[in-house]
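Note sheet for the following structure.
The values are calculated or read from the model by the stated rules, or taken from the named source; none is laboratory data. Keep in mind it's a predicted model, so treat the numbers as computed, not measured. We place every Cβ from the backbone using ideal geometry, glycine too, and count neighbours over all the protein chains shown. Note: areas computed on protein heavy atoms with side chains; ligands, DNA, RNA excluded. Shrake-Rupley method; radii C 1.70, N 1.55, O 1.52, S 1.80 Å.
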Amino acid sequence: MAANENLPPNVIKQLAKELKNLDESPPEGIKVGINDDDFSTIYADIEGPAGTPYENGVFRMKLLLSHDFPHSPPKGYFLTKIFHPNIAPNGEICVNTLKKDWNPSLGLRHVLIVVRCLLIEPFPESALNEQAGKMLLENYQEYARHARLYTGIHAKPKPKFKSGAISESTTALNVDQTNTSVTADQKSITPDVALTLPSPLAPSTTPTKGNGLEQPASLAPTTDTVVSGSAVAAATAQKKECGLAKVHLDKKKLDARKKSLKRL
């Protein structure tokens, strides 16, 4: 895990704790995995929310943590091709939480929930994909048709992350941090033992065939999906989480304004 040396030991310890919590109690529609050769790269599979053009799709994304995380935000990318105003053709994600609204106290769980909320409520005013943003504002039905087309072609269910891989990796990291000094003292008399953990995943490398928009005839006809009661409940719960995330950021902005007024 040489790549993990880019992150401070205290950050690695906090990440290990948070990733284990995400594995044991994942947010609605989100499953997290890690590459145990590079702990600074976090993978997640996001299920398309019910009632959106992304429904029934599974979108793989990654968060890249820099050496000064959490003081600087992670960079987010979709690895699965998607037609969305706030996701660039190269997969880059545009959301304020990962830019001007970033706060070191925000955890990975909050970031992942906000990213999934983008699939429910896009922001065409700050579009990275100008075609999708313009289409969403001018002709929602056409936008939804394109988004469903991309979802049907590219967002197939992915191979699941190995069960328990996060717990094993984070436990190993915690043990490694705790025993660093002991290992250093015993290095001269104890041979090095390589710890090999199961690699939970690799980024999806399935090639795409041509331009999906130029070959609609290869797809089965899309039909309107009847959303069941449970699906509606799931979408409602996700919207509530989105609202809580927004309230959290608004409260921080309000507190900052109050402090400024007191100084005046």
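Within the set Glu24, Glu47, Glu28, Glu55, the sole residue that is over 20 Å from Tyr77 (Cα atoms) and among the acidic types (Asp, Glu) turns out to be Glu24. Here Glu138, Glu125 are screened, and the one residue that is open to solvent by 30 Å² or more (accessible area, probe 1.4 Å) and touching a helix residue (DSSP H, G or I) at 6+ places or on another chain (Cβ under 9 Å) is Glu125.
When Ile113, Ile120 are checked against the criterion of being among the aliphatic types (A, V, I, L, M) and open to solvent by 30 Å² or more (accessible area, probe 1.4 Å), Ile120 stands alone in meeting it.
Scanning the range 30-73 for residues that are out of contact with any Phe, Trp or Tyr (no Cβ under 9 Å at 6 or more places or on another chain), open to solvent by less than 10 Å² (accessible area, probe 1.4 Å) and not hydrophobic (A, V, I, L, M, F, W, C) gives Asp36, Pro49.
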